[in-house]
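Trainee: Please see the structure below; I have some questions.
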Amino acid sequence: MELFDKIQAAEKYISSKVTPQSKIGIVLGTGLGALAEEVEIELTIEFKDIPHFPEPTVLGHQGKMIFGSIAGVQVILLAGRFHYYEGYTMEEVTFPIRVLSAIGVKQLVLSNVAGGLQEDLLPGHLVFLKDHINLQHANPLRGKNDERLGPRFPDMLKTYRKDLNQKALEFCEKMNIPARQGVYVALAGPNLETPAEYNFLHLIGGDVVGMSTVPEVIVAKHMAMDVFAVSIVSNKCYPIESITETTIEEVVAVANKASEQLLRLMKELLPLMN
Ligand code: HPA
C-alpha cells in the first residue's frame, strides 16, 4: 500500500469521528507533556485505532491524538512520539506529521530535550530553533517521491518560524526565562555523544544536540507546514571539561522543571499562530 493511501485511510478514520478545525498541531515531546492537562478536550482518539499509525513501544503508554483548545485556541495534540532509535522506520517516525497535514494542520509545534553545545547554555535554558543540521544517517524523504505529498527536493531555507522565535524571546526576557535561538543537530542515538563528538558538533555550528525533531521537521517542510520548535537544554556538553555523566533521570527532571515555563510561553504564542 502506498504511503499516500495510508495517510488517506488515517484521515478518513479521524474525519469520521471529528471535524478537525485546527491549523495548529503540537507534538508533546519531553517538556510539553504538561500542555495535555491544559486542554479543554473535545475528543481523544487512540493511536491504535487510527489506521496505519505506529504502535508505541512502551507498554502502558498509549499514544493519543487530542482535539481541543488551549487558551481559547483550537489545537490538535499528539501525545506520544516515535523515535528513530526505538527501531521505527523513518516513515513510521513521521507518519503522524503526514496525518496532521492531511487533516488541515499548517503550523507544527515541536519540543525536545537536548544537550547544550555552547558555553552559555545551561540545564533548563530554552533554545528556539532557527535551523538544524541533520546527522542522522537516514532521511524520511528517501525513496520514490509522491508529488501529491510534496516536492522531490524541498527547499529548507525558510523552515523555522523566526518571527515566532522573536516573540518567544521577547516573552522570555519579560519573564526572566533564560532563552536564545540556536541550531539543532540531530543524531540517531541512542547513546549520548563522546566528548570528541560534542566538540565536533560545537565546531560545525551546533548549539544543541538531540535525537528527534529533524525527521518531523523535514516531513513538515515537505508538506509545506510551518515549524516552531524549542529545545530544553538538559545537560552541558561544551566545553569538554564541563561535561559530566548524564542519566535519563536527570534529563527528565530538568525537562519537568522547565515545562511550567514552556506552558506559559505556549499560552502566549498560540494566539499568534492562528
Ligand atoms: N545528546 C543527544 N541527545 C540528548 C542529549 C545529548 O547530550 N541530551 C538530551 N538529549
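The values are calculated or read from the model by the stated rules, or taken from the named source; none is laboratory data. This is a predicted model, so every value here is computed, not measured. Don't worry about glycine lacking a Cβ; one is built from the backbone with ideal geometry, like all the others, and counts go over all protein chains shown.
Trainee: In the set E2, E42, which member is in contact with a Gly (Cβ under 6 Å, 6 or more places away or on another chain), charged (D, E, K, R) and more than 26 Å from G124 (Cβ to Cβ)?
Mentor: E42
Residue-by-condition table, conditions (1) in contact with a helix residue (DSSP H, G or I) (Cβ under 6 Å, 6 or more places away or on another chain); (2) without any contact (Cβ under 8 Å) to a residue 12 or more places away in the chain:
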residue	(1), (2)
E197	no, yes
F200	no, yes
V233	no, no
K236	yes, no
P239	no, no
A253	no, yes
P271	no, no
N274	no, no
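Trainee: When you scan region 122-157, how many residues do you find that are hydrophobic (A, V, I, L, M, F, W, C) and in contact with a Phe, Trp or Tyr (Cβ under 8 Å, 6 or more places away or on another chain)? Steps first, please.
Mentor: Looking only at region 122-157, we keep the residues that are hydrophobic (A, V, I, L, M, F, W, C), and these are 122, 126-129, 133, 135, 138, 141, 149, 153, 156-157.
Now drop any that are not in contact with a Phe, Trp or Tyr (Cβ under 8 Å, 6 or more places away or on another chain), which leaves 127-129, 133, 138, 149.
So the answer is 6.
Trainee: Looking for something more than 15 Å from the ligand (Cβ to nearest atom) and in contact with a strand residue (DSSP E or B) (Cβ under 9 Å, 6 or more places away or on another chain) - is there at least one such residue anywhere in region 199-216?
Mentor: Yes; the residues of region 199-216 include at least one that is more than 15 Å from the ligand (Cβ to nearest atom) and in contact with a strand residue (DSSP E or B) (Cβ under 9 Å, 6 or more places away or on another chain).
Trainee: Can you confirm whether L3 is surrounded by 15 or more Cβ atoms within 10 Å (Cβ to Cβ) and at pLDDT 95 or above?
Mentor: Against the criterion (surrounded by 15 or more Cβ atoms within 10 Å (Cβ to Cβ) and at pLDDT 95 or above), L3 qualifies.
Trainee: I'd like the full set of residues that are farther than 17 Å from A188 by Cα and in a helix (DSSP H, G or I), limited to region 67-111.
Mentor: Within region 67-111, F95, P96, I97, R98, V99, L100, S101, A102 qualify.
Trainee: Kindly provide the set of residues from region 106-141 that are farther than 18 Å from Y160 by Cα and small (G, A, S), ordered by number.
Mentor: Of everything in region 106-141, those that are farther than 18 Å from Y160 by Cα and small (G, A, S) turn out to be G115, G116, G124, A138.
Trainee: Which of the helices (runs of 4 or more DSSP H) contained wholly in region 187-274 include at least 1 residues that are more than 26 Å from G150 (Cβ to Cβ)? Show your work before the answer.
Mentor: Values: elements: 195-203, 214-222, 248-273.
The helices (runs of 4 or more DSSP H) meeting that bar are 195-203, 248-273.
Trainee: Now a separate question. Sort out which residues of region 118-143 are among the polar types (S, T, N, Q) and crowded, with 16+ Cβ neighbours inside 10 Å, and write them in order of number.
Mentor: Q118, N134, Q136
Trainee: Applying the selection to region 176-195, what residues are within 19 Å of S242 (Cα to Cα), within 10 Å of the ligand (Cβ to nearest atom) and surrounded by fewer than 17 Cβ atoms within 10 Å (Cβ to Cβ)?
Mentor: N191
Conditions tested, residue by residue: (1) outside any strand (DSSP E or B); (2) within 30 Å of T247 (Cβ to Cβ); (3) more than 16 Å from the ligand (Cβ to nearest atom).
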position: Q136; (1), (2), (3): yes, yes, no
position: D155; (1), (2), (3): yes, no, yes
position: L169; (1), (2), (3): yes, no, yes
position: C172; (1), (2), (3): yes, yes, yes
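Trainee: In addition: Name the residues in region 161-192 that are under 17 Å from L265 (Cα atoms) and touching a His at 6+ places or on another chain (Cβ under 9 Å), would you?
Mentor: Passing the criteria: I177, P178, A179, R180.
Trainee: Within region 1-57, take every residue that is β-branched (V, I, T) and assigned to a loop (DSSP other than H, G, I, E, B) and give me the one that is nearest to the chain's Cα centre (by Cα).
Mentor: If we filter region 1-57 for residues that are β-branched (V, I, T), which is where we start, we get 7, 14, 18-19, 24, 26-27, 30, 39, 41, 44-45, 50, 57.
Then drop every residue that is not assigned to a loop (DSSP other than H, G, I, E, B), which leaves 18-19, 30, 39, 50, 57.
Values: V18: 24, T19: 24, T30: 9, V39: 18, I50: 20, T57: 18 Å.
Ranking the qualifying residues of region 1-57, first place goes to T30.
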